[in-house]
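The values are calculated or read from the model by the stated rules, or taken from the named source; none is laboratory data. Please read all numbers here as calculations on a predicted model, not as lab measurements. Note that each Cβ is placed from the backbone with ideal geometry, even for glycine, and that neighbours are counted across all protein chains shown.
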Amino acid sequence: MDPIDDANCPAAADEPLAVLDACHRRLEKECSKLLDLADGVCSDPVEAARAALRYFDNAGRNHHDEDEEAGLFPLLHAAAKSEAEPLLADLRAAHREIDALWQELRPVLQTCTQDAEAPIDEELARRFDALYRDHIAAEENGLFPLARRALSEENWRQLAARMEARKKR
């Protein structure tokens, strides 16, 4: 179990969307910390850069995206293909865009772990933050309501089981 991702997180068996929502809140918090780092207002820039790397290399992007792309998206596609497909295509594209932007930001943060005076590209950090916040809004205003309408109780059980199994890896 990854304490970065799963600490203080609702159990997927209780409500899979609550887990994803909790992840969104954590993503927003970590993006804010990243902006603080870029703005030069954090007390320990080296540790802040290390923490950002740990979070976004693991829980923030990979685990959350896996829960969505390998769990929720296929179930939703099967249950509501015509309504879901355009939204799912947009969300997958946003995941790829976030990943590409992370690949630009990651080496900057790696440099910061070695040099507290290394500059952070503020514009890059702000784009990353904005992209994540827009993506979260699209999921919470489009994906989550559609999932609540379209998925069956069995679908929710399947998703919960998949998410719990991922947490144990």
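Search segment 86-112 for residues being over 19 Å from Ala130 (Cα atoms) and surrounded by fewer than 17 Cβ atoms within 10 Å (Cβ to Cβ), and hand back the single one that is farthest from the chain's Cα centre (by Cα).
Per the criteria, the residue is Thr111.
Quick one: is Phe56 closer than 20 Å to Glu30 by Cβ, among the hydrophobic types (A, V, I, L, M, F, W, C) and in contact with a helix residue (DSSP H, G or I) (Cβ under 7 Å, 6 or more places away or on another chain)? Talk me through it step by step, then tell me what you get.
Details: closer than 20 Å to Glu30 by Cβ: yes; among the hydrophobic types (A, V, I, L, M, F, W, C): yes; in contact with a helix residue (DSSP H, G or I) (Cβ under 7 Å, 6 or more places away or on another chain): yes.
When the stated conditions are applied, Phe56 passes them.
Taking interchain pairs and intrachain pairs at least six residues apart, which have beta carbon atoms under 6 angstrom, with the first residue in segment 89-103 and touching a residue at least 60 places away in the same chain (Cβ under 8 Å) and more than 17 Å from Pro74 (Cβ to Cβ) and the second among the charged types (D, E, K, R) and assigned to a helix (DSSP H, G or I)?
none
Quick grid of which residues meet (1) more than 29 Å from Leu159 (Cα to Cα); (2) in contact with a Lys or Arg (Cβ under 6 Å, 6 or more places away or on another chain); (3) among the aromatic types (Phe, Trp, Tyr):
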{"position": "Leu35", "(1), (2), (3)": "yes, no, no"}
{"position": "Tyr55", "(1), (2), (3)": "no, no, yes"}
{"position": "His63", "(1), (2), (3)": "no, no, no"}
{"position": "Phe73", "(1), (2), (3)": "no, no, yes"}
{"position": "Lys81", "(1), (2), (3)": "no, no, no"}
{"position": "Ala94", "(1), (2), (3)": "no, no, no"}
{"position": "Asp99", "(1), (2), (3)": "no, no, no"}
{"position": "His135", "(1), (2), (3)": "no, no, no"}
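For every residue, the table says whether it meets (1) surrounded by 15 or more Cβ atoms within 10 Å (Cβ to Cβ); (2) out of contact with any Cys (no Cβ under 9 Å at 6 or more places or on another chain); (3) farther than 17 Å from Glu85 by Cα.
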| site | (1), (2), (3) |
| --- | --- |
| Gln114 | no, yes, yes |
| Glu117 | no, yes, yes |
| Glu122 | no, yes, yes |
| Ala125 | yes, no, yes |
| Gly142 | yes, yes, no |
| Leu151 | yes, yes, no |
| Gln158 | yes, yes, yes |
| Arg162 | yes, yes, yes |
| Arg166 | yes, yes, yes |
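Residues that are farther than 21 Å from Lys29 by Cα, at least 3 per element: which helices (runs of 4 or more DSSP H) completely within segment 79-169 meet that? Give the steps one after another, and end with the answer.
On the way: elements: 81-114, 122-138, 144-150, 153-168.
It comes to 81-114, 144-150, 153-168.
Is there any pair linking a residue in segment 61-84 that is under 11 Å from Ala147 (Cα atoms) to one that is of a type in the set (A, V, I, L, M) and surrounded by fewer than 15 Cβ atoms within 10 Å (Cβ to Cβ), with Cβ under 8 Å and at least six apart or on different chains, and which?
Filtered contacts from segment 61-84: no entries.
Quick check, is Leu87 at pLDDT 95 or above and touching a helix residue (DSSP H, G or I) at 6+ places or on another chain (Cβ under 6 Å)?
So Leu87 passes the test.
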